[in-house]
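Here the structure is laid out as structure tokens; the discussion comes afterwards.
The values are calculated or read from the model by the stated rules, or taken from the named source; none is laboratory data. Just so you know, these numbers come straight off a predicted model, no measurement behind them. Quick reminder, even Gly has a Cβ in these numbers, built from the backbone with ideal geometry, and neighbours come from all protein chains shown.
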Amino acid sequence: MGKTLILTGGGTAGHIMPNLAIAEFLFADFERIIYLGREEGLEKDLVEKFGGIEYFGVKTAKFKRSFSLDNLKIPFALYKGIKEAKEIILRENVSHIFSKGGFVSLPVVLAGLALKKKNNIKIIAHESDASFGIANKLVAKKVDAILTTFPIEKKYKNQFCLGSPIRQELYKGDAKRVYQNNFDPKKKNLLVVGGSLGSGNINAVLRESRAELLKNFNIYHIAGTGKLTDADKGISGYIAEEFSGDIADLYAWADFVVSRAGSNAVCEILSLKKRALFIPLEKQSRGDQVLNCEFVISNNLGAVLREKDLTAESFAAAILALQKSKFKNINLDGTKKIAEFIASE
């Protein structure tokens with residue numbers, strides 16, 4: 001009987017895309033790869049678009065950090081999700097589970113742990129950020145291994161630092177495919193990305209400082225869905241889009257990058273050896289992006305501008321300073337090592 005691997009994790013692209021990056025290296029090692037996520041959600045759309053992986057939905061519920069009556073529903077949703085996941089694990093004769101964390105993964109991993117000993121299931125979890133999320137904290141001691149992106153303090157005996165799963169197509173970008181007619185070939189290229197949903201704050205300070213920055217840079221701005229304005233159109237040396245499906249080409253084109261500091265973004269940008277300014281998301285997160293930036297700063301890998309200090313003036317000054325900055329290079333791409341670790345278990 002061939003081996004069957006479950007991939008799980010979702011809620012944001014940051015949990016989903018690393019799973020798909022790893023899948024590319026594991027098709028040869030498993031007879032089947034299936035994905036367990038929400039009944040309907042971003043992970044279902046991305047997995048079905050990716051192809052070659054069967055998708056199954058289970059009940060999930062997200063914990064809200066601020067007070068919410070919705071949190072009272074979590075035990076009931078979790079119980080149902082665990083039950084559904086158990087049925088799938090047994091029916092599909094699953095041998096391995098790999099979890100990228102997040103609330104979507106919790107019922108799947110808990111179901112796997114309940115069946116682990118009797119059915120000889122190997123369970124491996126991965127933590128993207130420089131601190132452990134709630135889902136991974138709850139299961140870290142019981143899984144076979146908890147892998148990390150960053151060389152953070154070792155809290156578990158089964159903890160190993162192997163880097164981050166990175167989409168290999170990012171290394172194949174072609175700068176020539178980026179629209180060139182609006183750009184001055186004598187200027188350096190600046191890519192500004194505000195995360196998968198865009199950032200109103202980054203968009204605002206870029207618009208305020210745009211005229212000044214355009215004296216030194218060609219600018220490609222990914223503003224986020226619904227966040228473009230009429231003021232973003234018809235400007236020489238500047239292109240703005242809500243979303244880009246050609247991020248590999250844009251990375252290849254860019255000399256400098258401004259980005260949020262989610263683990264995927266940090267690892268991709270640093271592994272591509274781009275000089276970058278990271279602006280961590282703070283209030284709407286558990287502080288993981290700030291900790292990711294502490295790793296960047298402590299290792300002299302890039303520049304960081306905290307949101308509390310974010311103004312048009314500080315934004316422009318930080319970007320201009322990138323031109324003279326000297327940072328260390330680091331490769332955080334652990335895709336192949338993680339895939340080999342999973343296949344060897």
Self-check item: Test result for residue 214, over 28 Å from the mean Cα position of the chain (by Cα) and modelled with pLDDT of 95 or more
Solution: yes
Quiz item: Looking at 57, 81, which is the one that is outside any helix (DSSP H, G or I), modelled with pLDDT under 95 and of a type outside the set (A, V, I, L, M)?
Solution: 57
Practice problem: Could you look through the stretch 86-107, keep only residues that are at pLDDT 95 or above and of a type in the set (A, V, I, L, M, F, W, C), and pick out the one that is surrounded by the fewest Cβ atoms within 10 Å (Cβ to Cβ)? | Solution: 90
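The rows are residues; the columns are (1) of a type in the set (A, V, I, L, M, F, W, C); (2) outside the structural domain of residue 85 (by TED's automatic domain parsing); (3) farther than 26 Å from residue 288 by Cα.
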| residue | (1), (2), (3) |
| --- | --- |
| 110 | yes, no, no |
| 116 | no, no, yes |
| 123 | yes, no, no |
| 139 | yes, no, no |
| 146 | yes, no, no |
| 191 | yes, yes, no |
| 216 | no, yes, yes |
Quiz prompt | Positions within the stretch 8-43 being closer than 19 Å to residue 162 by Cβ and either touching a His at 6+ places or on another chain (Cβ under 8 Å) or not assigned by TED's automatic domain parsing to the domain that holds residue 93 (or both), in sequence order | solution = 9, 18, 30
Practice problem: Please give the number of the condition residue 226 fails out of (1) in contact with a strand residue (DSSP E or B) (Cβ under 6 Å, 6 or more places away or on another chain); (2) assigned to a loop (DSSP other than H, G, I, E, B). | Solution: (1)
Exercise. Looking only at the stretch 281-296, decide whether some residue is acidic (Asp, Glu) and more than 20 Å from the chain's Cα centre (by Cα).
Key: no
Practice problem: Provide a single number: the residues in the stretch 187-199 that are at pLDDT 95 or above and not hydrophobic (A, V, I, L, M, F, W, C). | Solution: 3
Practice problem: Sort out which residues of the stretch 114-138 are at pLDDT 95 or above and touching a strand residue (DSSP E or B) at 6+ places or on another chain (Cβ under 7 Å), and write them in order of number. | Solution: 116, 121, 122, 123, 124, 125, 126
Quiz item: Can you name every residue in the stretch 150-186 that is β-branched (Val, Ile, Thr) and modelled with pLDDT of 95 or more?
Solution: 166
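Per-residue answers, yes or no, for (1) surrounded by fewer than 16 Cβ atoms within 10 Å (Cβ to Cβ); (2) among the aromatic types (Phe, Trp, Tyr); (3) farther than 23 Å from residue 147 by Cα:
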{"position": "258", "(1), (2), (3)": "no, no, yes"}
{"position": "271", "(1), (2), (3)": "no, no, no"}
{"position": "295", "(1), (2), (3)": "no, yes, no"}
{"position": "303", "(1), (2), (3)": "no, no, yes"}
{"position": "306", "(1), (2), (3)": "yes, no, yes"}
{"position": "315", "(1), (2), (3)": "no, yes, yes"}
{"position": "322", "(1), (2), (3)": "no, no, yes"}
{"position": "340", "(1), (2), (3)": "yes, no, no"}
Quiz prompt | Candidate set: the stretch 3-26, residues that are in a loop (DSSP other than H, G, I, E, B) and in contact with a strand residue (DSSP E or B) (Cβ under 7 Å, 6 or more places away or on another chain); chosen: the one surrounded by the most Cβ atoms within 10 Å (Cβ to Cβ) | solution = 9
Practice problem: Could you check residue 231 against (1) part of a helix (DSSP H, G or I); (2) in contact (Cβ under 8 Å) with a residue 60 or more places away in the chain and say which number it fails? | Solution: (2)
